Amino acid sequence: MQINFLAILVAALIPLIMGFIWYNPKVFGNIWMRESGLTEEKMKGANMGVVFILSIILSFLIGMFLQFVTIHQFGALGMIGGDETLAKPSYTAFMNDYGKAYRSFGHGALHSFMTGIFFVFPLIAINAMFERKSWKYVFINTGFWTITITLMGGIICGWYATDGFNWVTQK
């Protein structure tokens, strides 16, 4: 199992791109600012260079995690302790038969979407309830992260080699 760091790096740019769109004042930006309790003055006080760099680094970590959510072959690798040289011949046969199974944008997007609904939504909702934030706040942020990680997971799962990308699972 090779990790495609280029795919993860490209996927790590998705949150910034989506953020520019999603949190634009013409989309959800004004509602999000109001529901977050932010003002233009508070927004201008941040060092945006640091925010963008840290966002890419943190998004890279999200991408590393999404590999394990979307690429099932990592589960097979985990079953042998992570060292292919110690694997039994059955592992090699399995990977020859199924090494590229369900490695597509669509499959990665599906599993990442489910992660958004069943993992991200509860995390954001729990925090928002304790922070006394509105359900608008919850749904704006959950929507952003669900769509964002859906795209990220699709890229990471579908781009499993530097020389190829699969939109749909090969039969």
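The values are calculated or read from the model by the stated rules, or taken from the named source; none is laboratory data. Since the model is a prediction, treat every value here as computed from it, not as a measurement. Cβ: placed from backbone, ideal geometry, glycine included. Neighbour counts: every protein chain shown. Only protein heavy atoms, including side chains, enter the accessible area calculation; ligands, DNA and RNA are left aside. Shrake-Rupley method; radii C 1.70, N 1.55, O 1.52, S 1.80 Å.
If the requirement is being within 17 Å of residue 147 (Cα to Cα), out of contact with any Cys (no Cβ under 8 Å at 6 or more places or on another chain) and among the hydrophobic types (A, V, I, L, M, F, W, C), which of these qualifies: 57, 17, 53?
Only one candidate passes the filter, namely 17.
Which condition does residue 83 not pass, out of (1) among the acidic types (Asp, Glu); (2) under 30 Å from residue 98 (Cα atoms); (3) in contact (Cβ under 8 Å) with a residue 12 or more places away in the chain, if it passes all the others?
Condition (3) is where residue 83 drops out.
Could you tell me whether region 161-169 includes any residue that is among the small types (Gly, Ala, Ser) and modelled with pLDDT under 95?
yes
Run down 76, 101, 87 and say which single residue is more than 23 Å from residue 156 (Cα to Cα) and at pLDDT below 95.
87
List the residue pairs whose Cβ atoms are under 9 Å apart, where the first residue sits in region 37-61 and is touching a residue at least 60 places away in the same chain (Cβ under 8 Å), the second is open to solvent by less than 60 Å² (accessible area, probe 1.4 Å) and among the polar types (S, T, N, Q), and the two are 6 or more positions apart or on different chains.
From residues that are touching a residue at least 60 places away in the same chain (Cβ under 8 Å), the pairs are 59/148.
Give region 8-49 a look and list any residue that's at pLDDT 95 or above and farther than 26 Å from residue 136 by Cβ, or say none.
8, 9, 10, 11, 12, 13
Hey, could you check region 133-166 for residues that are within 17 Å of the chain's Cα centre (by Cα) and small (Gly, Ala, Ser) and say which is surrounded by the most Cβ atoms within 10 Å (Cβ to Cβ)?
Within region 133-166, the match that is surrounded by the most Cβ atoms within 10 Å (Cβ to Cβ) is 153.
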